[in-house]
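As structure tokens, the structure follows; a few thoughts come after it.
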Amino acid sequence: EAWLDEGRAGILEMATATGKTVAGIGAIAHLCGVLPNHDFDVWAHTARTDDASIVVVAHSNAILSQWEREIRDLLGLNVAGADRSGQPDPLSFATGRIEFHTIHSMLAHNGGPPDKTYDLAIVDEAHHYANTGDGGYGDALQSLEAEAVLGLSATLGREGTAKRQTLEELLGEVVYTYNIEAAQADGIIPEFEWTAHPTALDPD
């Protein structure tokens with residue numbers, strides 16, 4: 001809702017294991033209307049499309065494969081599993097199509113982003129894209145055309161840092177924050193202790 005209120009642009013900064021992927025799939029469902037057994041009129045959404053073009057961007061094929069599995073599961077897509085040895089194949093369904101691209105494949109020397117405008121781009125692990133210099137991940141992302149952008153990250157760094165400012169310029173402001181303390185208070189993440197055990201290594 002925070003992302004929708006900001007015009008479908010911006011970043012969700014949420015602690016690990018608190019639902020970033022689910023939030024991204026919610027954005028897909030909101031655009032396409034494919035989530036089973038849900039009353040989409042609750043959002044009063046007028047921009048829903050029958051042929052949504054969506055891209056999920058991540059820095060590894062392992063993460064993209066996880067996205068594909070979660071999308072199949074949560075959207076109820078009965079599509080045969082794909083080869084896990086590389087970038088997942090696109091998922092096509094009645095109201096849209098989802099492509100999966102590593103940021104590496106979108107670098108200029110690899111041909112750049114696809115020559116099209118997506119209805120929605122989901123940028124996972126957004127903290128990796130602060131390098132907007134020539135040949136950087138952020139530089140490739142700047143060339144990606146999309147009507148709506150959702151950035152996801154567990155941490156963008158401290159407030160006021162150059163990295164955070166760059167990411168907000170690239171993907172939009174942080175529209176929602178859900179940190180570890182809040183997740184623990186809500187019972188989403190268990191209590192834990194972090195203990196450092198320094199260990200000396202001999203010269204060999």
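General remarks:
- Rounded, prolate or oblate (a/c below 1.5 giving rounded, otherwise prolate when a/b exceeds b/c) for region 79-184 by Cα gyration tensor: oblate
- Given a 1.4 Å probe and the protein chains as shown, Val22 ends up with an accessible area of around 90 Å².
- MRE, 222 nm, helices only [DSSP H, n ≥ 4, -39500 (n - 2.57), over the chain, to nearest 500]: -7500 deg cm²/dmol
- In plain terms, if you count all Cα to Cα distances in region 134-176 and split them into 5 Å steps from zero, the share in each step is 5, 18, 32, 26, 15, 4 percent.
- At q = 0.08, 0.12 Å⁻¹ the log10 of I(q)/I(0) for the chain amounts to -0.30, -0.65, computed by Debye summation with a single uniform scatterer per C-alpha, solvent ignored.
- Ser105 contributes an accessible area of around 40 Å² to the protein surface, as traced by a 1.4 Å probe with all chains present.
- The chain - percent of accessible surface contributed by carbon and sulfur, probe 1.4 Å: 47
The values are calculated or read from the model by the stated rules, or taken from the named source; none is laboratory data. Since the model is a prediction, treat every value here as computed from it, not as a measurement. Side chains included, ligands, DNA and RNA excluded: accessible areas come from the protein's heavy atoms. Shrake-Rupley method; radii C 1.70, N 1.55, O 1.52, S 1.80 Å.
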